[in-house]
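Structure first, then comments.
The values are calculated or read from the model by the stated rules, or taken from the named source; none is laboratory data. Just so you know, these numbers come straight off a predicted model, no measurement behind them. With ideal geometry, Cβ positions are generated from the backbone for all residues, glycine too; neighbour counts draw on all protein chains shown.
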Amino acid sequence: MRLVFLTALALVAFAANSVLNRFAVGMGQIDAVGFAVVRLIAGAVMLAVLVGLRGLAGGVVWAGWQGRVGGVLGLTLYLFAFSLAYVALDAGAGALILFGAVQITMFAGALMAGDVVPRLRWAGAGMAFSGLVVLLWPGMGVPLSLPHAVLMAAAGVGFGVYSLAGRRAGDPLAGTAANFVLSIPLGLAAGLALGVMPAGTTGLGVVLAVVSGAVTSGLGYAIWYSVVPALGSGRAAVTQLSVPVLTAIAGIILLGEAVDARFVAAAICVLGGVALASRS
């Protein structure tokens, strides 16, 4: 039950990131690069404080270098491609592309690592992925911007690599903190190269980026790192496909995005596939 609760909490945090990013960037409260930089720094500060406080009590502060390169590079790619993609994508559609790419990346990683993927999980993954196809098939919904869809797919690859690196995280909190802190130089370099924080940035945009970084990213990813080893790569990949459904529902309620029969059919396929693949 504890694993189910923590997994659900992490998935809600992932969905919240899409909604926060789409609202802040899509509504012109802050530019995409600025959102990514503030989000990264806020997450790093929050996690560093938590790890530092635990260190004063004799806890683990440094998680070691194992899995760190993949974690840092994957996190940086995800943060910036994610924000840039949401300039033109709806929250639900963006999340579907993101976690479809995450699923493919993590399944590939599981197979390369020699993990055993049961047939029932393959069937669940296929059913869930068919839901993504229904939602994104050309001509069945709102046309998508191809460049922004490609950026979101790249973000999915980055987060898939980040999640795979988490399988070797001996201490989830320390590992997540290390990834965020070590990503700051790369993030600042990317921000300077792409151009960051133009004059149109609002206080609300900065606040949303801080919340996304400190709470739904920093703490959410620490929780995710704690459950990935227990879930395994294959199950973790399929479980994340429920996030687009959660995101789309939040987008409908909070951002006024449209829903139709196609979305309902896709949601049934995705959630049914996740339930099938998550069975022991």
Exercise for the section: Give just the number: which of (1) over 16 Å from the mean Cα position of the chain (by Cα); (2) modelled with pLDDT under 80 does V87 not satisfy? Expected result: (2)
Exercise for the section: With the condition kept exactly as written, say whether any residue in the stretch 231-238 is modelled with pLDDT of 85 or more and either under 30 Å from A123 (Cβ atoms) or not acidic (D, E) (or both). Expected result: no
Practice task
Please state which one of V25, V37, V45, V4 is farther than 30 Å from G124 by Cα and surrounded by fewer than 22 Cβ atoms within 10 Å (Cβ to Cβ).
Solution key: V45
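Give me the residue from the stretch 183-204 that is at pLDDT 90 or above and crowded, with 19+ Cβ neighbours inside 10 Å and, out of that set, farthest from G67 (Cα to Cα). Spell out the reasoning first.
Looking only at the stretch 183-204, we keep the residues that are at pLDDT 90 or above, and these are 183-189, 204.
If we keep only those that are crowded, with 19+ Cβ neighbours inside 10 Å as well, we get 183, 187.
Working: S183: 14, G187: 19 Å.
Looking at residues that are at pLDDT 90 or above and crowded, with 19+ Cβ neighbours inside 10 Å, I get G187.
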Practice task
Mind telling me which of the residues V25, V38, V19 ends up being within 18 Å of the chain's Cα centre (by Cα), closer than 26 Å to G256 by Cβ and modelled with pLDDT of 90 or more?
Solution key: V38
Problem - Boolean, F14 is aromatic (F, W, Y), within 21 Å of I249 (Cβ to Cβ) and buried (at least 24 other Cβ atoms within 10 Å of the Cβ) - result: yes
Handout entry: Within the stretch 135-148, considering residues that are at pLDDT 65 or above, farther than 19 Å from S242 by Cα and touching a helix residue (DSSP H, G or I) at 6+ places or on another chain (Cβ under 8 Å), the one surrounded by the fewest Cβ atoms within 10 Å (Cβ to Cβ)
Key = L144
Practice task
Among the residues of the stretch 1-33, count how many are farther than 18 Å from T247 by Cα and not in a helix (DSSP H, G or I).
Solution key: 5
